[in-house]
1. Can you give the extra length, in nm with one decimal, that the chain gains between residue 57 and residue 21 once fully stretched, where that is 0.36 nm per residue apart less the Cα-Cα distance?
2. Against the longest principal axis of the chain, how steep is helix 208-219, in degrees 0 to 90 to the nearest 10, with axes from Cα atoms?
3. Show me, for segment 140-146, the HN-Hα J-couplings you get by feeding each phi into the Karplus relation (A = 6.51, B = -1.76, C = 1.60, θ = phi - 60°), rounded to Hz, glycine and proline as x.
4. Once you have all Cα-Cα distances for the chain, histogram them in 5 Å bins from zero and send the whole-percent values.
5. In the neighborhood of residue 276, defined by Cβ-to-Cβ distances under 12 Å, what is the net charge if each Lys or Arg adds +1 and each Asp or Glu adds -1?
6. Using a 7 Å offset from the Cα along the Cα-to-Cβ direction at both residue 99 and residue 166, what is the distance between the two label points in nm, to one decimal?
7. Counting helices only, and only those DSSP H runs with n ≥ 4, report the 222 nm mean residue ellipticity of the chain as the sum of -39,500 (n - 2.57) divided by its residues, in deg cm²/dmol to the nearest 500.
8. Once the other residues with Cβ under 13 Å from the Cβ of residue 133 are scored (Lys, Arg +1; Asp, Glu -1), what is the net sum?
Amino acid sequence: MRVLVTGAAGYVGQQLVPRLLAQGHQVRVLVREARPARGPAWPAPVDVAVGDLTDSTSLASVFDRIDAAYYLVHSLRTAGDFAARDRAAAENFARAAPRLGRVIYLGGIPHRAPRPSAYLDSRVEVGRILRSTCPVTEFRAGPLIGAGSAPFDLLCRLTQRLPLIVAPRSILNAIQPIAAPDALRYLLLALERDAPGVFEIGAEALSVKQMLRICAEIYGLKRVIVPAPLPGALALRLIPLLVPIRQHVARHFIEAIAHPVLADTRPAQAVFPEVQPLPFRQAAELALA
Ligand SMILES: NC(=O)c1ccc[n+]([C@@H]2O[C@H](COP(=O)([O-])OP(=O)(O)OC[C@H]3O[C@@H](n4cnc5c(N)ncnc54)[C@H](OP(=O)(O)O)[C@@H]3O)[C@@H](O)[C@H]2O)c1
């Protein structure tokens, strides 16, 4: 197939493109910089289209002769009103791509609780906008476990840096991570399978405290992890002092774990039964190897 990958220079996109090439697909990437800031230059068979999804004039011929597209874009890394930017980007994509046979989007699992997370809500909104003009297979995932994935890097850095981790009680909330290679398998299978719909994906549920403990065990480090009645606002000020992370990114991680984030994986298991997500410990061992 002729496949467009948006967000190709990001963490997921950079791993997806070589897998698509290996499966014999023709790949066009939509990127804001012709040469990726992180990682190597695009290999020769990749058709590089330079454009910005928030600027519709830059998308003129991006969708020409494309059968299917991946939507792997979010602007959390940039400060300011990321939700408005992500809304504009999704609207421009949907307007420019109405005749696409298939769009595959990796978003996030929303909270079922009344106090929302702006980031997770924005991920759901993007899926809704894409569906307004295209058949969409939307995967909703918790944190991706892989070296270079922002939430996993944060876990690793906190574990390495702090012998005593005093953290808000929300680290006891259950969330459902997924190994990055498993998420990539879902993304690839969706191209073969005509399966529009929303699929929540993830391995076993566990708390951030359990994940920190497992990371410490893998590193062979002794760590004391104390959930405390620490206000989120204080944690927000402390985290960027301890690990290299921007404050607005830290805020969205703290908001995202303020409630349990659990996936209903039954629809994904029914349609993609060959993917049996790795347990967190194995995923983390693989990522850190
Ligand atoms: N990583 C995770 O743990 C995780 C978990 C669940 C779901 N997801 C979902 O997976 C998808 C990809 O995430 P990721 O971790 O790969 O993110 P990432 O590394 O931050 O990559 C995001 C990509 O989006 C691109 N982008 C942002 N604004 C754009 C715009 N206006 N026009 C064109 N491109 C734009 C960025 O381009 P530049 O390179 O130019 O900045 C970047 O390459 C997202 O939808 C995210 O919600 C990720």
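1. Numbers: separation 36, 0.36 × 36 = 12.96 nm, distance 2.82 nm.
Between residue 57 and residue 21, full extension yields 10.1 nm more.
2. Approximately 90 degrees, to the nearest ten.
3. My calculation for segment 140-146 gives 10, 10, x, x, 7, 9, x Hz in order.
4. Taking all Cα pairs of the chain, the binned fractions are 1, 5, 12, 16, 19, 17, 13, 9, 5, 2, 0, 0 percent.
5. Values: positive: 185; negative: 182, 204, 274.
Here the count lands on -2.
6. 6.3
7. On the way: 10 runs with 114 residues, N = 289.
So the calculated ellipticity at 222 nm is -12000 deg cm²/dmol.
8. Details: positive: 95, 99, 102, 128, 131; negative: 91.
Surrounding charge for residue 133 is +4.
Values in this text are rule-based calculations from the coordinates and carry no lab data. Computed from a predicted structure; not experimentally measured. Glycine gets a Cβ as well: all are built from the backbone with ideal geometry, and neighbour counts include every protein chain shown.
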